[in-house]
Amino acid sequence: MPKKVTIGSCGISLTTIGAFGFLIAAVICSPAHAAEASPPTLVVLPIKLLDTSAEPTDQASQHAERLVNFADHLAGDLTRSSLYRASVLTADRLRQDCRSEETACLLKVAQAHGAETIFIGVVHKSSTLIMQLWARIVDARTGRDIYSRDLNFRGDTDEAWRRAETFLMSQIRDMPAEAR
């Protein structure tokens, strides 16, 4: 007479059909298989610009758009790559939730938005052609740097900014998995 076997908490009852059937049922019901590990959540804070180029042309609106686009593209690329579940915290929302922008406040706001990690970026424009990006990924609970990179890029065009974001994304993608 065949035996009835129940596999763990999965609730599958099987009539004994052999070790192979049992093994397949055990794999299907395992917690690792049932819940694929989801990537950590990351909030991209508004990227800041420090412009010391002293150029005579006011580029504030172009820079504001480039900063927003950079953050949006980075969040999208991080999410599509499955490295993080990333979202952008807008400058207006950040000002509403954290006027001081002090570290403790930024961490609290990011946590309130469900972040396990935070992306912080500052672009320094020192001349028409020379830009530097300081990029950090920070643990939202401790404030400890998980990733830190300083990148230089040339040009202040939409294309130059997009290439800088693409390169940064490749650097984040190539960081050791245990660092995430």
Measuring from its Cα centre, the range 108-180 shows a charge dipole (+1 at each Lys and Arg Cβ, -1 at each Asp and Glu Cβ) which, in debye to the nearest 20, is 120
Accessible surface, the range 32-180, averaged per residue in Å² (probe 1.4 Å) = 56
What is the distance, in nm, between label points placed 7 Å from the Cα along the Cα-to-Cβ direction at Asp174 and at Ser82?
-> 2.2
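For the range 29-180, what is the percent of antiparallel DSSP beta bridges, rounded to the nearest 5? Before the final figure, lay out each step's value.
On the way: 18 of 29 bridges.
DSSP beta bridges in the range 29-180 are roughly 60 percent antiparallel.
Where does each of Arg149, Arg173, Arg66 land when they are ordered by accessible area, with a 1.4 Å probe and the largest first?
On the way: Arg149 80, Arg173 120, Arg66 30 Å².
Greatest to least solvent exposure: Arg173, Arg149, Arg66.
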Neighbourhood charge, 10 Å Cβ-Cβ cut-off, centred on Val123 and excluding it, Lys, Arg +1 and Asp, Glu -1 | +1
Tell me, what % of the accessible area of the range 38-180 is carbon and sulfur with a 1.4 angstrom probe?
-> 50
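Can you sort Ser127, Ser100 by solvent-accessible area, 1.4 Å probe, largest first?
Details: Ser127 35, Ser100 70 Å².
My answer, sorted largest first, is Ser100, Ser127.
So what is the relative contact order of the range 26-180, in percent, for Cα pairs below 8 Å that sit 6 or more residues apart?
Numbers: 240 pairs, mean separation 38.1, N = 155.
Relative contact order comes out at 25 percent.
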Which listed residue (Thr117, Gln132, Thr142) has the Cα farthest towards the positive end of the charge dipole for the range 102-160, taking +1 on Lys and Arg C-beta and -1 on Asp and Glu C-beta about the Cα centre?
-> Thr142
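The values are calculated or read from the model by the stated rules, or taken from the named source; none is laboratory data. Bear in mind that the values here come from a model prediction, so they are computed numbers and not experimental data. Cβ coordinates were reconstructed from backbone atoms using ideal geometry, including for glycine residues, and neighbour counts include every protein chain displayed. Ligands, DNA and RNA are excluded from the accessible area calculation, which covers all protein heavy atoms including side chains. Shrake-Rupley method; radii C 1.70, N 1.55, O 1.52, S 1.80 Å.
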